[in-house]
Structures are given as structure tokens and as C-alpha cells.
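Just below is one structure, and these are the notes that go with it.
The values are calculated or read from the model by the stated rules, or taken from the named source; none is laboratory data. Remember, it's a predicted structure, so these values are computed and weren't measured experimentally. Backbone-built Cβ (ideal geometry, glycine too); neighbour counts: all protein chains shown.
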Amino acid sequence: MTNSVIDLLDEKVIEFNSRIDGEPEFSKMIEGKNRTICICVSDGDNYSTKLESMRIEDFVKTENTDADLVVTANSEVLTGLINREISPIKAYMSGDLKVKASLTDMLLLKRLF
């Protein structure tokens, strides 16, 4: 299941960067933002990336979970969130999803997924 999480994250990176290239309004929201993002899969590995210079890099496996935005959930919940099969609000309220980020960064995260 964890492999599917990284595959889905890779797809989201491509989608996100395409939106920056193709949607001027979206790129204006991203302009000037430099953030580190860590996705912690509680039943798998942790993955991190950087948003820098109007691009998000590919996610890489990491042990370091210190980032501007940290999202923690199990692989089933993360897969459901990425595929839009699970409501992020419900997952957060039930405790299945944990997010450590500022409100501004949470809105940015919403744009990624």
C-alpha cells in the first residue's frame, strides 16, 4: 500500500507543476512561497519535498520530519484523501489525519491535493 502512496504523490507533483504552468491565477497564489512539505505515512515511510521557485520537487523518502507542513496519516487514509474518496475535514476531525502547519500553509496544502 505504501508504494501506491508515493506513486500518487508523484502524480500530484506533476499535476501541481502543470497547474503552475497553465493557470496564471494559481501561479500567482504560489509565487514567492518557499515551503518544505513532509508526508508521514504512519504504517510506512515518510516523504518530503520542497516548493521553491514556482516548482514542487519530487517527493523523496526521508527520516527527517521537520518541515513547514507536516501531514500524518496511514496509507489507506492518505490514498483516500489523494483520490478524493475521503473528506479531509472528516479525517481530521476523527483523528485519522494530523496536520502541523499554519493556516496559510494548510490552504496551500489544499491546493496541492
By my count, strands (runs of 3 or more DSSP E) wholly in region 1-104 with at least 2 residues that are within 15 Å of the chain's Cα centre (by Cα) and polar (S, T, N, Q) are 46-52
Complete set of residues in region 73-113 that are more than 19 Å from GLU11 (Cα to Cα) and either in contact with a Cys (Cβ under 7 Å, 6 or more places away or on another chain) or of a type in the set (D, E, K, R) (or both): LYS90, ASP96, LYS98, LYS100, ASP105
Among the residues of region 21-48, count how many are surrounded by 13 or more Cβ atoms within 10 Å (Cβ to Cβ) and modelled with pLDDT of 90 or more. 14
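Could you say whether any residue in region 33-50 is within 19 Å of LEU107 (Cβ to Cβ), out of contact with any strand residue (DSSP E or B) (no Cβ under 8 Å at 6 or more places or on another chain) and acidic (Asp, Glu)?
Initially, region 33-50 is screened for residues within 19 Å of LEU107 (Cβ to Cβ), giving 33-39, 49-50.
Filter again for out of contact with any strand residue (DSSP E or B) (no Cβ under 8 Å at 6 or more places or on another chain), leaving none.
Checking region 33-50: not a single residue is within 19 Å of LEU107 (Cβ to Cβ), out of contact with any strand residue (DSSP E or B) (no Cβ under 8 Å at 6 or more places or on another chain) and acidic (Asp, Glu).
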Name the residue, out of ASP45, ASP58, ASP96, that is in contact with a Lys or Arg (Cβ under 6 Å, 6 or more places away or on another chain) and in contact (Cβ under 8 Å) with a residue 12 or more places away in the chain. ASP45
Give the residues of region 62-96 that are of a type in the set (Asp, Glu), over 13 Å from ILE6 (Cα atoms) and surrounded by fewer than 18 Cβ atoms within 10 Å (Cβ to Cβ), sorted by residue number. GLU63, ASP66, GLU85
